[in-house]
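So the structure is just underneath, and the comments pick up after that.
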Amino acid sequence: MAINLKDSEFRTIQKIVFSEVGIDLQDSKKHLVQSRLLKRLLFYKFDSYVDYIRLIQIDAHERVEMINLISTNETYFFREIDHFEYLQKNILPKHPLKSKFRFWSAAASVGAEAYSVAMLLDQKVARSDWEVVGTDINTDVIKKARVGLYPEKWSDKIPLNLKKLYCLKGKGSHEGQFMIERSLLNNIDFKVGNLMQYNSEVGLFDVIWLRNVLIYFDDDTKQLVVDNVIKNLKLGGYFLYL
Ligand SMILES: C[S@@+](CC[C@H](N)C(=O)[O-])C[C@H]1O[C@@H](n2cnc3c(N)ncnc32)[C@H](O)[C@@H]1O
């Protein structure tokens with residue numbers, strides 16, 4: 001079933017998405033948005049996007065559903081290995097032994113980045129004295145991150161020694177998947193968080209990564225998000241954004 005999303009309706013959706021989460025939906029994304037939101041129209045038995053727009057204007061829960069469908073959540077374990085090597089070789093050795101090492105994956109998606117860092121920290125930081133926090137605006141990806149179950153293929157870039165220790169091969173109904181070793185979960189917390197606001201409740205961090213998310217924002221929003229996030233950086237901490 002095809003329902004046409006008119007240009008004027010798309011502009012209204014662009015404004016709502018921008019004011020909620022700062023994502024600057026390009027005009028070229030109109031067809032993508034139309035197809036991703038169609039399932040919500042069918043769910044409510046709406047025959048036009050106008051009805052759906054009226055709903056998201058008054059219903060915060062449905063706005064969350066919409067953002068879940070619209071946000072781009074592509075991620076990988078050990079994405080861009082240089083960043084992990086820098087963390088391992090240049091940051092961790094300088095960390096004072098007495099204080100807990102805190103890392104924030106500030107646009108965590110389904111958790112691949114947070115778990116990759118957690119594997120390194122579990123190996124390198126004494127007495128498991130570390131903590132990883134992952135936040136994302138998308139409530140569906142945060143649920144998946146908490147479960148920590150991924151397709152087998154996703155483990156390709158995980159260094160072999162870490163894969164052996166932290167990736168449990170799925171059997172039976174989990175054939176073709178791997179699960180993150182449960183002991184890592186003791187030191188990881190995944191929460192819903194919007195970068196458009198200062199996330200005071202997550203506390204201060206030694207290292208913050210804000211990777212592959214600023215591309216979705218316009219210049220003013222990039223500045224706002226960076227200003228918000230650096231409030232969570234410890235004095236002398238490291239902030240990586242790109
Ligand atoms: C492409 S993923 C990047 C994941 C990971 N950082 C990486 O580099 O592999 C971008 C994530 O940013 C999230 N995001 C977008 N806008 C956000 C906002 N305003 N607040 C928090 N997260 C947001 C999306 O939901 C998505 O999961």
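The values are calculated or read from the model by the stated rules, or taken from the named source; none is laboratory data. Note that the coordinates shown come from a computational prediction; the quantities given were computed from them, not determined experimentally. Methodologically, a virtual Cβ is constructed for each residue, glycine included, from the backbone with ideal geometry; neighbour enumeration extends over all protein chains shown.
Some observations on this one:
- Hits in the range 200-210 (condition: surrounded by fewer than 19 Cβ atoms within 10 Å (Cβ to Cβ) and of a type outside the set (A, V, I, L, M, F, W, C)): S200, E201, G203
- Condition check for D189: in the same structural domain as V225 (by TED's automatic domain parsing) and crowded, with 19+ Cβ neighbours inside 10 Å: no
- Residue check: K98 meets all listed conditions (1) modelled with pLDDT under 95; (2) within 14 Å of the ligand (Cβ to nearest atom) but one, namely (2).
- Scanning the range 100-140 for residues that are free of Cβ contacts under 8 Å to residues at least 60 places away in the same chain and over 18 Å from N212 (Cβ atoms) yields K100, L120, Q123, K124, V125, A126, R127, S128, D129, W130, E131.
- Flag if E175 is surrounded by fewer than 14 Cβ atoms within 10 Å (Cβ to Cβ), of a type in the set (D, E), within 15 Å of the ligand (Cβ to nearest atom) and more than 25 Å from L69 (Cα to Cα): no
Residue-by-condition table, conditions (1) within 15 Å of the ligand (Cβ to nearest atom); (2) among the acidic types (D, E):
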residue	(1), (2)
E131	no, yes
D136	yes, yes
Y150	yes, no
K153	no, no
E181	no, yes
N186	no, no
D189	no, yes
D206	no, yes
F217	yes, no
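- Extreme residue, farthest from the chain's Cα centre (by Cα), among residues of the range 46-87 that are among the acidic types (D, E) and in a loop (DSSP other than H, G, I, E, B): D47
- Within the range 216-240, the set of residues being without any contact (Cβ under 8 Å) to a residue 24 or more places away in the chain and farther than 20 Å from A114 by Cα comprises D219, D220, K222, Q223, D227, L235, G236.
- Test result for I188, within 21 Å of E85 (Cα to Cα) and over 18 Å from the mean Cα position of the chain (by Cα): no
- I81 vs. criteria within 16 Å of the ligand (Cβ to nearest atom), among the aliphatic types (A, V, I, L, M) and within 23 Å of D220 (Cα to Cα): no
- Output for the range 7-27, where each listed residue is within 16 Å of the ligand (Cβ to nearest atom) and among the charged types (D, E, K, R): K15, E20, D24
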